[in-house]
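Report on the structure given below.
Bear in mind that the values in this text are calculations on the coordinates, not laboratory data. These numbers come from a predicted model, not from an experiment. Note that we place each Cβ from the backbone using ideal geometry, even for glycine, and neighbour counts take in every protein chain shown.
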């Protein structure tokens, strides 16, 4: 298995990270992973004939070739089988629509919109998949995006949400009121801008970001977890509150996850370095 992830210099405002996954014929996937509810859309560039399947509790997203997974508030099971190759571009929560002809992407969707075909045509995707190194792949993506002359929007809702997301990612602000104060705006203004730019309520976004950090922390720990301290660290009233929340969001208890470690964030892009 080959994996890596990398920010894209000059496009940090647009892209959370570029990542790569390659699983060979002789590799095995011991446990089918789950993609947690995620506030970022994922663009996946894959060979045309490569199949994909993501199973939610009540529906299946499947097909072949490159595709976009929109922001999702559902737990998705990745039904993967070797061999496979993916080059992923994970967008910021408020930027995927900028490459979709400014047409709003609906939650919990998996598709390849016409606008993306125009921006990332077959010829570009085929050439990109032939590249081997992290440097060559990221350079090709950056060069291509440079040629599109994409710039950050200057409208007030986008600028406000961009600032809020930067604050959450850098300072881990987890309360709506505190975030509104840090952005020097009212809570109502921030909530309205967030719904407009991201398609999620700011409360849902903050909940997803908290879940992401919790999963990362649990995944990286090698010692016994003090659940009382862990619950307090993430703002839960007690351990029971933590267990109920995780059970609701990802259908797992904290200890159950530690046994399987089968949750991921960016379709392998965050855990395999």
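Just want the ordering: 139, 195, from fewest to most Cβ atoms lying within 10 Å of their own Cβ.
139, 195
Test of understanding: what is the full-extension gain from residue 12 to residue 32, defined as 0.36 nm times their sequence separation minus their Cα-Cα distance?
Full extension from residue 12 to residue 32 adds 4.1 nm.
If you stretched the chain out fully between residue 1 and residue 251, how much longer would it get, using 0.36 nm times the residue separation minus the C-alpha to C-alpha distance?
Using 0.36 nm per residue and subtracting the Cα-Cα distance, I get 87.2 nm.
If R0 is 35 Å, what FRET efficiency do you get for residue 107 and residue 239 from their C-beta distance, rounded to 0.05?
Computed FRET efficiency for residue 107 and residue 239: 0.70.
Comparing 69, 243, 87, which has the greatest mean-square fluctuation in the GNM of the chain with Cα pairs linked when under 10 Å apart?
The residue that fluctuates most here is 243.
Mean-square fluctuation check for the chain, GNM, Cα pairs under 10 Å: which of 40, 244, 125 is largest?
Of 40, 244, 125, the most mobile in the Gaussian network model is 244.
Taking the chain as a Gaussian network, where each spring joins two C-alpha atoms under 10 Å apart, which residue of 221, 245, 31 fluctuates the most?
In this elastic network of the chain, the residue with the biggest mean-square fluctuation among 221, 245, 31 is 221.
Over all alpha-carbon pairs of the stretch 1-64, lay out the pair-distance distribution in 5 Å bins, whole %, shortest bin first.
Values per bin, smallest distances first: 3, 11, 16, 26, 22, 14, 6, 1.
Mean separation of Cα pairs under 8 Å and 6+ residues apart, divided by the residue count of the stretch 2-148: what relative contact order is that in percent?
Relative contact order of the stretch 2-148: 27 percent.
Could you work out [θ]222 nm for the chain from helices alone, using -39500 (n - 2.57) per DSSP H run of at least four and dividing by all its residues? Round to the nearest 500 deg cm²/dmol.
So the helix-based figure for the chain works out to -12000 deg cm²/dmol.
Stretched out fully, how many nm does the piece from residue 81 to residue 117 gain, at 0.36 nm a residue minus the Cα gap?
Result: 10.4 nm gained on full extension.
Averaging sequence separations of C-alpha pairs under 8 Å and six or more residues apart, then dividing by the length of the chain, give the relative contact order as a whole percent.
22
Using only Cα atoms, locate the centre of the stretch 46-68 and the centre of the stretch 85-115, then give the distance between them in Å, rounded to an integer.
Measuring centre to centre over Cα atoms gives 15 Å.
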